Amino acid sequence: MIDENSIKAEVLEAVKEWGGRLQYASDELKNDKDVVMEAASNDGLALQYASMGLRDDCDVVLVAVSLSLIHISEPTRQEAI
């Protein structure tokens, strides 16, 4: 289990398994692009736990929503990208 005292390596390992664990990380790590990208890459909803700055980062947002794109028809997916 991670908490606000967990180091980056521990948090990265935890969010690889389930991105929602980002909610338990320190504010510093919620603002770490590597950590947030890892969390968002397997759970787009993890974006809600990221810092406001990273919620506005196009790279992070694209990773978070890309999981949803697999359920969209090909023409619509191409238009969205």
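Nearest 0.05, what FRET efficiency do E17 and E79 give at R0 = 25 Å with Cβ-Cβ as r? Before the final figure, lay out each step's value.
Values: r = 33 Å, r/R0 = 1.32.
Efficiency for this residue pair is about 0.15.
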How high is the relative contact order of the chain, in percent, counting Cα pairs under 8 Å that sit 6 or more residues apart?
-> 23 percent
Whole-percent carbon and sulfur share, accessible surface of the chain, 1.4 Å = 52 percent
Can you tell me the 0 to 90 degree angle between the C-alpha axis of helix 58-69 and the longest principal axis of the chain, rounded to 10?
-> 60 degrees
Return one number: the angle in degrees, 0 to 90 and rounded to the nearest 10, between the long axis of the Cα atoms of helix 8-17 and the longest principal axis of the Cα atoms of the chain.
-> 40 degrees
Against the longest principal axis of the chain, how steep is helix 33-42, in degrees 0 to 90 to the nearest 10, with axes from Cα atoms?
-> 60 degrees
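The values are calculated or read from the model by the stated rules, or taken from the named source; none is laboratory data. Fair warning: this is a prediction, and the values are worked out from it, not measured in the lab. Reconstructed Cβ throughout: ideal geometry from the backbone, glycine too, with neighbour counts over all protein chains shown. Accessible surface is based on the protein model in full, side chains and every heavy atom, while ligands, DNA and RNA are left aside. Shrake-Rupley method; radii C 1.70, N 1.55, O 1.52, S 1.80 Å.
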